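Quick notes on the structure that follows.
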Amino acid sequence: MEYNFRSIEQKWQKYWYENKIYSTNNNSNLPKYYVLDMFPYPSGSGLHVGHPLGYIASDIISRYKRAKGFNVLHPMGFDSFGLPAEQYAIKTGQHPKVTTEKNIVRFKDQLNKLGLSYDWDREIKTSDSEYYKWTQWIFLKLYNSYFDKKENKAKNISELRIPDSLTKSEKNYFIDSKRLAYLDTIDVNWCEELGTVLANEEVIGGLSERGGFPVVRRPMKQWVMRITEYADRLIEDLDGLDWPDSIKASQKNWIGKSTGAEITFQIDDNNTIDVFTTRPDTIFGATYLVIAPEHPILKDIITNEQSEEIEDYCKNTLLKSDLERQENQKNKTGVFTGAYAINPLTEQKIPIWISDYVLYGYGTGAIMAVPAHDERDFEFAKKFNLRIIKVIKSDQDCYSGEGEIINSSNYNGLMSEDFKNIITTYLEKNKAAKKTTNYKLRDWVFTRQRYWGEPIPILHADEGTVGLDEKDLPLKLPEVDSYLPTSDGLSPLARNSEWKSVNINGKNFIRETNTMPQWAGSCWYYLRFLDPKNNDSFASKKNISYWMPVDLYIGGAEHAVLHLLYSRFWHKVLFDLGYVNTPEPFKKLVNQGMILGNSAFIYRKIDGKSYVSAEIASKYKTQRIHVDINYVNEKNELELELLKNNNSEFLNASFEFKDKFYVDREVEKMSKSKYNVVNPDDICEKYGTDTLRLYEMFLGPLEQSKPWNTAGISGVHNFLKKFWKLYFDSDSNLLVKDTDPSEISMKSLHKCIKKVSDDIESFSFNTAVSAMMILVNELTSQKCRSRNILEPLILIIYPFAPHISEEIWENLGNKKSIVYSKYPDFIDSYLQDNTKIYPVSINGKLKHKIELSLDLTKDQIEARILSDETILEKLNGIEPKRIIIVPGKIINFVI
RNA sequence: GCUGAAGUGGUGGAAUUGGUAGACACGUUGGACUUAAAAUCCAAUGGAUAGUAAUAUCCGUGCGGGUUCAAGUCCCGCCUUCAGUACCA
C-alpha cells in the first residue's frame, strides 16, 4: 500500500474533532504551557499559504509540549468586529453578522484541514454579546478608575481625593477629568472616506492604515484612554520580556520618551512663553522662537501690522491635511509675529515666528530655535535670514551632536553633556525652567463612528456622563436601518432613536452612540480563553493564576505597536486593579515572517487592447499589469489559451511575442488584487496536510519573510513516503519486528532526538526537519526494522506530521491517539563517541586529519601527533613555535 | 535621516562560546530498473589549475582594512536589500 494521505488525514481530523482529543483541563498537577496565535479577522477571502505559517509553528510547539508532559492551552478564536464586514454591509445591505458568521465557518474548516490541535470548546468571537459583555465591563473599569501618580498605578475612582471646596458640579467635572477613559474635545484624525476617526497608530504618513484614504485633523468630542500615564511602565517592562529586539525598539520608538527642560521666555510684562527642548545646553545659540500656528498665546502677542498676514497663515495651516504639511519638509514656511522675547541668558531680544513645522500637539507647541545646531531651524533661518550663532565647536555649518561649548559667556570650554545639567539647574533656581519629560505617545482615541463594533456602555445626561450598571451588560448592538453614518456625521447607532433614548427611574438619558475601535476586543481575548463560558467574571481568579502569562505568542510583526501596545496597557490597568496577577500578558513573542507571493506581470500597450511579451516590452510605451499566476508556468511562459478562456477581456486581445509569451516576475505581498495568492487547500489536495506543514517549516527560518515557491515541495513529500516505507512494504505488510536494535541505529536515533528537541525549543524548525530526514535516510539504508527504534521515530515526527504519525502508531497496535504518549527521552550514552577526528593545521591551514580518543590529555595528544609520520612529513623538519591543542576541537601548529 | 533585520553555490537555506564552509532539500548530470513513461534506488555536483587516476594545490561567505595560530562568525570604515518610522524640538 502506498502512503494514502487523503484518507489518513480525513480519518484523523475527524477522530480528533469528534473525540475532543485536544480539549484542555483547567485542573491539573502538570506544569502549564499557554501557546497563543494572534487570532484572525475572518475576512471574506479565506486563508492563504501565508496565514498557516505561524499556526503550524505554534501547533508544533503545542504538540511537542504536550508530549513533554505539559498541560497545554492552545485556543483559537475570531476577531470578528471590523471594518470590511461593515463596508460590505453598506454596499449590499447584508447584516455584518451574517457575512461574519459565514466567513468564520469557512475559516474554521480551513484551520481544521491544517490539522491544528485547537481546543475548540474555548472558541471565542469578539462580536459575540457574551464576549463583548466583558469588553464593555473592562471599559467601565477604565471609566471608573484614575491614575495615582504617586503610586504610579491605577486605582478605583472612589479612592480619588476630591477637594472639599468644590461645588457638586465642579466635583463631577473634577472626577471626569481624572478617569482613565474620559471624554474630551480634541483634534482627531478624521477620515472622510471611512466616515470615522482614527487613532494616531492607524494613520500612516497622513493616510489611513486601512484603505489609504486622506486624513485631516478636526476637533471632535471623543472617548479617550489615558495610555500616556503608562508610558514609562510600558517602556520599562519591555526589558523583562523575551521579545524580538525590533518589536521592542518600535514600541520604545512609538512611545518616544525624551527628557529635557521647559524654559520660560519673557515676552513682555504680562506674557511669557514656555518652550520644550532636549538641548538646553545650546540656549546661548537660541536666536529666535517659533510657535505653532494653533498656539493660544498668539492672539495676545501679535502686533497690528502683522495680524493680517498671520491670520492668513493660520487659516491655510488648518486647511492642510497632515500629508500636505509633511510635504513641506524641504520648503519651510512661516511668518514673523512682530513680537519679541528675551533670551534669559543672553538677555537679547529675539524675534517670535510662527510656522507649521512646530507641532502644537508635542511639547509646549513652541520651540527655541538654535539654527547652528538643529537642521530644521537651520533651514528656516537660512530661508528667512535669521541670525545663526554657533555654541558648540564644530567644522560644520549645522552640527547637532555633542561637543565643547563656545560663545556661551563664562561657560565656554565645558562639554555639552555636563553643561546641560548645569544650565538647567541654574535656570530652575531662577524659576525660568523645569526638567520635563515628553512623549510622542498620545492618549488613545477610543471611539469610532461605526456600526460593527462594541457599543460603549455610557449614558449621557445634562450634568455629565454615567457608566451603565454592570448588571445591565451586555449592552447589545441594536438593529439599524442603514449602516452608513448619519448626515450630520453621527455614528450609525444614532439612527435607532428608540434605542438611543433611555428612561431610568423617570430620568431621561441619551446613549453613547459611538462604538469601540477594532482593537478593543483583541486587547484582552487571551484572558477569555482561560474561562470562556464564565458568566460571573471575564475569567476566574483560579484559572488566571494557573494559566497566565501567555508563554508563547506567535503572530505577525504588523501588530508591533498597535495591538501589542494596547493590550499591554489594558493588562496593566487590570493588574493595578487586582484582576490579573502578572504585569505583562505575553512572556515570549515570536513574529513569523510573511510568505510572499510571486506575482506575474504582462505589458499592455497604451492603446489598451494589445499585449507584448516581457523581453520586448521596452520597445513600446506600455503599462504593467498583474496577470494570474495560475496561467504562468515555471519557465515564466504565459499559457495564452488558458488566459483567454478564463478571462473574457483577453479573448479578443492581440499578443505580440517571439516564440513564447513571457511574463515578468516580482515578489510582493500576497493579495487577491495581485492575482498571486496560493491557496493552502490546493497543496493539501495534491500532497496532503502533513507535507504542507513540513514544507512551510522547511522553507527557512520562521521569522524570515520568503516568497512562496513550490519547487522543493517534492523533497518533503518524499520524506514522508520514505518514512511510511520504513513500516510497510508495498503490500501493506507491517515490517516492524521485535528485534534488538543495532547499536548504530540507536546512535542515529538518539542523535536525532537531541537535535530535534533542541531545535524545537529554539524555534529552528527547518533544521529539525533536516535532522528527521537524515535519520529516516539512515534507518532506510541500515534496513532497520526494530520496534525499539521505529516506535520512538513516530513520536519525533509527530509534532510536524501528526496525521501520518497517528496512522502508523495505530497500525503498530498502540492505543489510539499519540497525544497520550510521551516524547522520547534522549539517552546521553548513545551519543558518546569516544573518538573524534581532529583537523590538524599548520598556521591555520588545514593539512591533515587524525582520529584520536577524546580521553587523551593534551600531553598525550601532543606525544601522539609528534610521532605521526604523515604529520611530521607535513612539517617537513620545521620545529613548531607553538602547538595549539583545543581538546575535542582542533590541533594547530604555529611555525 | 533614524531604528531594526539581513547579504553564503544554479535555488531555498545549514554552520555551538571564533576551530577550519556549503548540512538538509530542490535543480542539474550520469547510471540501475522498465518496451516506454511515471515512481523508486545509486552516484556526482562551489570555482580554478595539474594529473589516466586516487589525489594535490590555489581561490572562495557583499566591498576595503584590522585583530588572531585560526574569522561567514569579532573590531573599524563602506555598499546593497528588506521592514518600520519620520518636521517629536
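The values are calculated or read from the model by the stated rules, or taken from the named source; none is laboratory data. These numbers were taken from a predicted model, which means no experiment stands behind them. Note that we place each Cβ from the backbone using ideal geometry, even for glycine, and neighbour counts take in every protein chain shown. These area figures cover heavy atoms from the full protein model, side chains too; ligands, DNA and RNA do not enter into them. Shrake-Rupley method; radii C 1.70, N 1.55, O 1.52, S 1.80 Å.
For the range A:206-230, residues that are open to solvent by less than 40 Å² (accessible area, probe 1.4 Å) and assigned to a loop (DSSP other than H, G, I, E, B) total 4. Residue count for the range A:492-510, restricted to those that are under 38 Å from the mean Cα position of the chain (by Cα), over 19 Å from residue A:197 (Cα atoms) and either basic (Lys, Arg) or crowded, with 18+ Cβ neighbours inside 10 Å (or both): 2. The set of residues in the range A:276-318 that are basic (Lys, Arg) and either within 11 Å of RNA strand B (Cβ to nearest atom) or within 30 Å of residue A:406 (Cβ to Cβ) (or both) contains only A:279.
Quick check: anything in the range A:236-244 open to solvent by 30 Å² or more (accessible area, probe 1.4 Å), closer than 24 Å to residue A:564 by Cβ and near RNA strand B (Cβ under 10 Å from one of its atoms)? Explain how you work it out, then say what you get.
Our first condition is that a residue be open to solvent by 30 Å² or more (accessible area, probe 1.4 Å); within the range A:236-244, this holds for A:236-237, A:239-240, A:242, A:244.
Imposing the further condition that a residue be closer than 24 Å to residue A:564 by Cβ reduces the set to A:236-237, A:239-240, A:242, A:244.
Still in the list and also near RNA strand B (Cβ under 10 Å from one of its atoms): A:244.
Yes, the range A:236-244 has at least one match.
Looking across the range A:609-624 at every residue that is out of contact with any Asp or Glu (no Cβ under 6 Å at 6 or more places or on another chain) and open to solvent by less than 30 Å² (accessible area, probe 1.4 Å), the one that is farthest from residue A:661 (Cα to Cα) is identified as A:610.
Each row is one residue, and each column tells you yes or no for (1) within 11 Å of RNA strand B (Cβ to nearest atom); (2) open to solvent by less than 50 Å² (accessible area, probe 1.4 Å); (3) of a type in the set (Asp, Glu).
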site: A:655; (1), (2), (3): no, yes, no
site: A:665; (1), (2), (3): no, no, no
site: A:674; (1), (2), (3): no, no, no
site: A:680; (1), (2), (3): no, yes, no
site: A:686; (1), (2), (3): no, no, no
site: A:691; (1), (2), (3): no, yes, no
site: A:698; (1), (2), (3): yes, no, no
site: A:709; (1), (2), (3): yes, no, no
site: A:719; (1), (2), (3): yes, yes, no
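If you filter the range A:357-407 down to residues that are of a type in the set (Lys, Arg) and over 22 Å from residue A:342 (Cα atoms), you find that the one that is nearest to RNA strand B (Cβ to nearest atom) is A:383. Consider the range A:378-389 and keep the residues that are in contact (Cβ under 8 Å) with a residue 12 or more places away in the chain and within 43 Å of the chain's Cα centre (by Cα). The one that is most open to solvent (accessible area, probe 1.4 Å) is A:383.
On the basis of being of a type in the set (D, E, K, R) and farther than 28 Å from residue A:676 by Cα, does residue A:6 make the cut?
On the way: of a type in the set (D, E, K, R): yes; farther than 28 Å from residue A:676 by Cα: no.
For residue A:6, the condition - of a type in the set (D, E, K, R) and farther than 28 Å from residue A:676 by Cα - is not met.
Among the candidates A:730, A:742, A:705, A:762, single out the residue that is of a type in the set (Ser, Thr, Tyr), surrounded by fewer than 22 Cβ atoms within 10 Å (Cβ to Cβ), within 21 Å of residue A:61 (Cβ to Cβ) and more than 8 Å from RNA strand B (Cβ to nearest atom). Give the steps one after another, and end with the answer.
Details: A:730 fails: within 21 Å of residue A:61 (Cβ to Cβ); A:742 fails: within 21 Å of residue A:61 (Cβ to Cβ); A:705 fails: more than 8 Å from RNA strand B (Cβ to nearest atom).
Just one listed residue meets the conditions, A:762.
The single residue among A:836, A:889, A:874 that is among the basic types (Lys, Arg), surrounded by 12 or more Cβ atoms within 10 Å (Cβ to Cβ) and under 26 Å from residue A:758 (Cβ atoms) turns out to be A:836. Quick check, is residue A:253 within 15 Å of RNA strand B (Cβ to nearest atom), within 28 Å of residue A:417 (Cα to Cα) and open to solvent by 50 Å² or more (accessible area, probe 1.4 Å)? Considered against the rule, which asks whether it is within 15 Å of RNA strand B (Cβ to nearest atom), within 28 Å of residue A:417 (Cα to Cα) and open to solvent by 50 Å² or more (accessible area, probe 1.4 Å), residue A:253 comes out as yes. In the condition set (1) away from RNA strand B (no atom under 13 Å from the Cβ); (2) buried (at least 16 other Cβ atoms within 10 Å of the Cβ), residue A:866 is compliant with all but (2).
Restricting the range A:169-186 to residues that are in a helix (DSSP H, G or I) and out of contact with any helix residue (DSSP H, G or I) (no Cβ under 9 Å at 6 or more places or on another chain), the residue that is surrounded by the fewest Cβ atoms within 10 Å (Cβ to Cβ) is A:169. Note on the range A:250-309: residues that are more than 20 Å from residue A:372 (Cβ to Cβ), over 41 Å from the mean Cα position of the chain (by Cα) and not β-branched (Val, Ile, Thr) amount to 14.
Only one of the numbered conditions (1) within 14 Å of RNA strand B (Cβ to nearest atom); (2) buried (at least 16 other Cβ atoms within 10 Å of the Cβ) is violated by residue A:233, and that is (1).
Do we find a residue being among the β-branched types (Val, Ile, Thr) and either touching a His at 6+ places or on another chain (Cβ under 8 Å) or modelled with pLDDT under 90 (or both) anywhere in the range A:513-521? First the steps, then the outcome.
Taking the range A:513-521 as the starting set, the residues that turn out to be among the β-branched types (Val, Ile, Thr) are A:513, A:515.
Subsequent filtering for residues that are either touching a His at 6+ places or on another chain (Cβ under 8 Å) or modelled with pLDDT under 90 (or both) retains none.
So far as the range A:513-521 goes, no, none of its residues is among the β-branched types (Val, Ile, Thr) and either touching a His at 6+ places or on another chain (Cβ under 8 Å) or modelled with pLDDT under 90 (or both).
The number of residues in the range A:339-356 being over 20 Å from residue A:433 (Cα atoms) and within 15 Å of RNA strand B (Cβ to nearest atom) comes to 4. For the range A:597-624, the set of residues classified as in a strand (DSSP E or B) and among the β-branched types (Val, Ile, Thr) consists of A:602, A:612, A:622, listed by residue number. Scanning the range A:768-793 for residues that are open to solvent by less than 50 Å² (accessible area, probe 1.4 Å) and within 11 Å of RNA strand B (Cβ to nearest atom) yields a count of 8.
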